[in-house]
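A.B. asks: This is the structure I have questions about; it appears just below.
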Amino acid sequence: MSNPPVRRVVLKLSGEAFADPGLGYGIDPLTVVWVAEEIGEAHSDDIQIAVVVGGGNIFRGVSQAAKGMDPASADYMGMLATVINALALQDALEHQGVPTRVATAIEMRAVAEPFIRRRAVRHLEKGRVVVFAAGTGNPYFTTDTAAALRAMEMRADVILKGTKVDGIYTADPMVDKSATKYDDISYLTVLERQLKVMDATAISLCMDNKLPIIVFNLRTPGNVRRVIMGELVGTTVRA
C-alpha cells in the first residue's frame with residue numbers, strides 16, 4: 001500500500017455489523033472474523049485505523065426491550081454492549097496478527113484500557129488498531145457522536161461509516177426503488193433533508209471541524225481498503 005490519500009481514519013461500525021446476517025442481532029463469530037479481515041487488509045505501516053463500535057445487536061437504548069426503563073439506565077446498558085463487541089473485534093483482529101487495544105469511556109480495567117487521548121494516539125502511532133467502546137461515556141449521546149468526537153480527538157483525516165448500503169440516497173433504497181445515490185453531499189443538505197447518515201449532533205461536529213465522512217457498503221469485500229486508498233466508493237459528506 002503506497003501513498004494513501006489519508007493516514008489516520010476512524011471507522012464507525014454499528015452493532016449490526018457483528019450480527020448474524022439472517023437474524024440481525026447477537027454476535028456471529030464468522031461475521032466478526034470477516035470484519036476483522038477487512039480491517040486487517042487495510043491496516044499497514046502507512047495507515048492508522050481506529051474503530052468506534054455500536055452495540056445495537058445486543059442492546060439498544062431506544063428498543064422495545066428498554067421500554068419503560070429510565071433512559072439513562074438504558075443508554076448505559078447500550079454502552080456496555082459496545083464493550084462486548086469491541087472485545088470480540090479485538091480477539092478477531094489479534095488472530096489476524098493485528099495488534100489491537102480496546103479503550104473504553106467507562107472504566108473497567110480488568111478487560112480494557114480507560115480512554116486517555118494521548119495514550120490512544122500513541123497506540124496508533126505504534127501501528128496498533130484502537131477500538132473505542134462505551135460511546136462517549138455519557139447517556140443521551142449516540143455512538144455516531146462518539147465517532148465524531150473520537151475522530152476530532154485523534155486528529156483523524158476522515159470518518160468512514162460502514163453500512164449495509166453503498167452510500168447515501170435521496171430515500172431509503174430498500175423501500176423506495178426510485179431513490180438515487182449521491183456521490184457527494186454537503187453537511188447542510190444532510191441536516192436539512194434529515195437524511196439518516198449519522199445523527200445531527202455528529203454531523204454538526206464534523207461540519208464545524210471540516211471533517212469529511214464517507215458512507216460506504218461494509219459488506220462489499222475490499223471496500224475498507226478501497227475507501228482508504230481514495231477510490232470513488234460510497235458517498236462523501238463535506239462542506
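A.B. asks: For segment 57-89, name all the residues that are under 24 Å from Thr31 (Cα atoms), surrounded by fewer than 24 Cβ atoms within 10 Å (Cβ to Cβ) and either in contact with an Asp or Glu (Cβ under 7 Å, 6 or more places away or on another chain) or of a type in the set (S, T, N, Q) (or both).
C.D. replies: Gly61, Ser63
A.B. asks: Name the residue, out of Val121, Val129, that is modelled with pLDDT of 95 or more, open to solvent by less than 60 Å² (accessible area, probe 1.4 Å), of a type in the set (Val, Ile, Thr) and under 21 Å from Glu37 (Cα atoms). Reasoning before the result, please.
C.D. replies: On the way: Val121 fails: under 21 Å from Glu37 (Cα atoms).
Checking each option against the conditions leaves just Val129.
A.B. asks: For segment 182-239: of the residues being open to solvent by 20 Å² or more (accessible area, probe 1.4 Å) and β-branched (Val, Ile, Thr), which is nearest to Val9 (Cα to Cα)?
C.D. replies: Among them, the one singled out is Ile214.
A.B. asks: Hey, which of the helices (runs of 4 or more DSSP H) in segment 135-215, taking only ones fully inside, have at least 2 residues that are within 16 Å of Val51 (Cβ to Cβ) and not acidic (Asp, Glu)?
C.D. replies: The helices (runs of 4 or more DSSP H) meeting that bar are 143-154.
A.B. asks: Since Ala36 meets every condition but one in (1) touching a helix residue (DSSP H, G or I) at 6+ places or on another chain (Cβ under 6 Å); (2) part of a helix (DSSP H, G or I); (3) open to solvent by 10 Å² or more (accessible area, probe 1.4 Å), which condition does it not meet?
C.D. replies: Result: Ala36 passes all but (3).
A.B. asks: Let me ask something else about it. I need the full set of residues from segment 107-137 which are of a type outside the set (Gly, Ala, Ser) and in contact (Cβ under 8 Å) with a residue 40 or more places away in the chain, in order please. If you could, list the steps in order and put the result at the bottom.
C.D. replies: Filtering segment 107-137 for residues of a type outside the set (Gly, Ala, Ser) gives 107-109, 111, 113-119, 121-126, 128-132, 136.
Selection gives Leu124, Glu125, Val129, Val130, Val131, Phe132.
A.B. asks: Of all residues in segment 132-147, which are touching a Lys or Arg at 6+ places or on another chain (Cβ under 9 Å) and more than 22 Å from Met229 (Cβ to Cβ)?
C.D. replies: Phe132, Thr136, Thr143, Asp144, Ala146
Quick grid of which residues meet (1) within 18 Å of the chain's Cα centre (by Cα); (2) modelled with pLDDT of 90 or more; (3) of a type in the set (Ser, Thr, Tyr); (4) part of a loop (DSSP other than H, G, I, E, B):
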residue: Val6; (1), (2), (3), (4): yes, no, no, yes
residue: Gly26; (1), (2), (3), (4): yes, no, no, yes
residue: Val32; (1), (2), (3), (4): yes, yes, no, no
residue: Gln48; (1), (2), (3), (4): yes, yes, no, no
residue: Met69; (1), (2), (3), (4): no, no, no, yes
residue: Leu89; (1), (2), (3), (4): yes, yes, no, no
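A.B. asks: Go through segment 216-238 and count every residue that is part of a strand (DSSP E or B) and of a type in the set (A, V, I, L, M). Lay out the reasoning, then the answer.
C.D. replies: First pass over segment 216-238, keeping only residues part of a strand (DSSP E or B): 216-217, 235-238.
Then drop every residue that is not of a type in the set (A, V, I, L, M), which leaves 237.
Final tally of qualifying residues: 1.
A.B. asks: Within the group Arg238, Arg193, Arg219, Arg150, which residue is of a type in the set (Lys, Arg) and in contact with a Pro (Cβ under 6 Å, 6 or more places away or on another chain)?
C.D. replies: One residue alone meets the criteria, Arg238.
A.B. asks: Quick one: count up the residues across segment 92-109 that are among the small types (Gly, Ala, Ser), within 20 Å of the chain's Cα centre (by Cα) and closer than 17 Å to His123 by Cβ.
C.D. replies: Final tally of qualifying residues: 2.
A.B. asks: Among the residues of segment 15-28, which ones are touching a residue at least 12 places away in the same chain (Cβ under 8 Å), open to solvent by 40 Å² or more (accessible area, probe 1.4 Å) and not acidic (Asp, Glu)?
C.D. replies: Result: Tyr25, Ile27.
The values are calculated or read from the model by the stated rules, or taken from the named source; none is laboratory data. Source: prediction; values computed, not measured. Cβ coordinates were reconstructed from backbone atoms using ideal geometry, including for glycine residues, and neighbour counts include every protein chain displayed. The area values use the complete protein model at the heavy-atom level, side chains included, leaving out ligands, DNA and RNA. Shrake-Rupley method; radii C 1.70, N 1.55, O 1.52, S 1.80 Å.
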